[in-house]
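What follows is a single structure, written as C-alpha cells, with notes after it.
What follows is calculated from the coordinates using simple rules that are stated; it is not laboratory data. Note that the structure is a prediction, hence the values are computed from the model and not measured. Cβ coordinates were reconstructed from backbone atoms using ideal geometry, including for glycine residues, and neighbour counts include every protein chain displayed.
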Amino acid sequence: MSKVNLNINSDDAEIIEAFNKGNQNAFNLIVRKYQERVYWVIRKMVLDHYDADDLTQEVFIKIYSSLKEFRGESKFFTYIYRIAINFSLNHIAKVKKTVHKTVCLDNTDVSSKDKKADEEMDAFERTKLLEEAIGSLPEQQRAVFNMRYYENLSYEEISVIMNKSTGGMKANYFHAIKNIQKFVKKHRLSELMEQN
Amino acid sequence: MKTKYNLEEIKCNLPDYISNNIADKELICSIEKELKTNSELREDLEELKSTFGFLKTSGFQVPPDNYFANLPVKINERIQTTEVDRSFLDRLSLFWKILIPAITVILIVILLFNSSKNDTDKIQTTNADSNKNELRQKKPEPVENKNNVSNEINGNDSKNKIPLTKIVKKDNNIPKTFRKLHKNNVEEDQNNVENQSSIKEYESVVIPEIKEQLSELLADNIEIIEDSNSDERVDVMYSGDDDENEVESLDDEFLNLTPEQQKEIIDNLLKAQI
C-alpha cells in the first residue's frame, strides 16, 4: 500500500518509514527529492563540480547506511544538511584548497559565448570572482554564509547544524559578507589599475 | 535614549536588515535610529548593499544538463558496490570472529601445559633440595669429640649416630673410589696403632674432612638418584657397568696417591660437582 501512495511530494516521515520497512524505492525518492539541494550546498562549499559530485554521492551513501538511526528529532533536511556540511568541511580541511580551479562544465556555455561575447565574458568573470571570494573565506564563515544567504536557513537552524551559538553564527555571517566585500573591492581596484 | 542592542549587535544584524530578514521590530527601530546618528554605520550599510548587489548578479556555473537525471543511478551503483564490499568485510570479520577465539584458546592451553610442566619440575627440584638439606642437617659436627669421630669411623658407634661404615655400606651407589678410600683409611689406622700421635693427628684433621666430604657426596648422590632426568650425570659421576674397568684402573691410581693428594682430588671433585 505504502509503495503505491509514495511520491516525491510525500512527507519525509512517511518516506523514511517506508525505507525502514525495506522499501528500496523510498530511498530513490529521497535522492530525487534532495539531490539538487545537497549538490548545491556542497558545491558552494567546495566550489568544484567534480568534488561536489563525488561528495554528493558519498552523502547519499551515508544517508542510506544511517537512515535507520534517524529518530526524527530534527527536520530531515537539517539532518541531511549536517552530513553535507560535515563532509564538505572535512574535504576542505583535507585538500586545503584556497584557490578555486575554474572548470568549464557545460558545452552550451561555449556556443552562447559566440552570441554575446562581452556579456558572457563579464558573467564568467563575475562567477570566477564570486567563487574566488567565497573560496577565500574561512571554512566556518563559508558554511554560515552559504546556509544563510543561499539556503535562507534561520540562525537557530544554522547553530544546530554547526553546533555553535546563534550569536556566533550572526557574527560569522556579517564577517563573511565583509570579507567578500573586501575581496571584490581589492580585485576591482587591481583591475582598474591594470586598465590605467 | 538607549536600546537593549549595542553597536556591535546592530552591525551584525545589518546584512539581515538589508535583506529584510529581521522579524524583531525593536531591533529594526534600533538600527534605523543608529543609522541616523552614526555615519560610519551608514557607510557600512552602503558597502554591504553593493556587495549584496554583486552577489545577486553573480552565480555559479551550472552542472551539465543531465547531471541530476543521472545522479540517482550513480548513487545506486555506488551503494551496490559498497554493499558488496561490506558483505565481503562482514564475511571476513566472521572468519576472524571464529579464528581469533580459536587461536586464543590454543595459546591458553599451550601456556597452561607449559606452566604445569614447569611446576612439576619445580616440585621435583624442591623435593631434592629438601632431601639434601635434611641430610646436611644430619651431618655430624666437625671434630668436637675426637673419640666419637674415631668410634664412628671404626664402627664402635654411640646410639644416636650412625657409623660411617654403615652409611657407606647401605648405599650401593657410593663410588668404589670412596669406599676404597675409606677402607684404606681404616686399614691405615689399624696398622699404625703404635704411632698414636700420628693417628691422633690424622683423626683430628683428615678424617673429619673426609667424613664431611662423604656426607656431602651422599646428599648429592640422593639428589641425583631422585632426579630421573639426570641419568647421564649419574653415569658420568658414578660410573656405570660399561665404564667399570676404566674406573677400577682410576681407583688403583687414586689409591696409590698420598692422603694429601687424595684429599686434594676429592676437593677438586667436590668443587666441580658444585
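If R0 is 41 Å, the Cβ-Cβ spacing of A:S66 and B:Q124 corresponds to a FRET efficiency of close to 0.05.
Report the extension gain between B:I28 and B:R78 in nm, rounded to one decimal, defined as 0.36 nm multiplied by the number of residues separating them, less their alpha carbon distance. Mind showing how you got there, number by number?
Working: separation 50, 0.36 × 50 = 18.00 nm, distance 4.99 nm.
Extending this stretch completely gives an extra 13.0 nm.
When you filter the trypsin sites (Lys or Arg not before Pro) in the stretch A:1-60 for DSSP loop state and at most 11 other Cβ atoms inside 10 Å of their Cβ, you are left with A:K21.
For the stretch B:2-30, the residues whose amide N sits under 11 Å from a probe point set 7 Å from the Cα of B:E40 along the beta carbon direction are B:7-8. If I take R0 = 45 Å and measure r between the Cβ atoms of A:S74 and B:K49 in this structure, what FRET efficiency does the formula 1/(1 + (r/R0)^6) give, to the nearest 0.05? The pair A:S74/B:K49 has a calculated efficiency of 0.85. At q = 0.16, 0.21 Å⁻¹, work out log10 I(q)/I(0) for the stretch B:1-108 with the Debye formula, treating every Cα as an identical point scatterer and leaving solvent out; two decimals please. Those come out to -0.84, -1.08, one per q. Karplus-based coupling profile of the stretch B:43-57, in residue order and whole Hz: 4, 4, 4, 5, 5, 5, 4, 5, 5, 5, x, 4, 5, 5, 7, with θ = phi - 60° in 6.51 cos²θ - 1.76 cosθ + 1.60 and x standing for Gly or Pro.
Here the Karplus curve 6.51 cos²θ - 1.76 cosθ + 1.60, taken at θ = phi - 60°, turns the phi angles of the stretch B:93-104 into couplings of 5, 5, 4, 5, 4, 7, 5, 5, x, 5, 4, 4 Hz, with x standing for Gly and Pro.
Could you please report the charge total around B:L14, scoring K, R as +1 and D, E as -1 over all other residues with beta-carbon less than 15 angstrom from its beta-carbon? Walk me through the intermediate numbers first.
Values: positive: A:R148, A:K170, A:K178, B:K11, B:K33, B:K36, B:R42, B:K49; negative: B:E8, B:E9, B:D16, B:D24, B:E32, B:E34, B:E40, B:E43, B:D44, B:E46, B:E47.
Computed value for this residue: -3.
In order along the stretch B:59-73, the Karplus-derived 3J(HN,Hα) couplings, from 6.51 cos²θ - 1.76 cosθ + 1.60 at θ = phi - 60°, round to x, 8, 5, 7, x, x, 3, 8, 4, 6, 6, 8, 4, x, 5 Hz, and Gly and Pro are given as x.
Spin-label model, B:T104/B:N133: points 7 Å from Cα along the beta carbon direction are separated by 4.1 nm.
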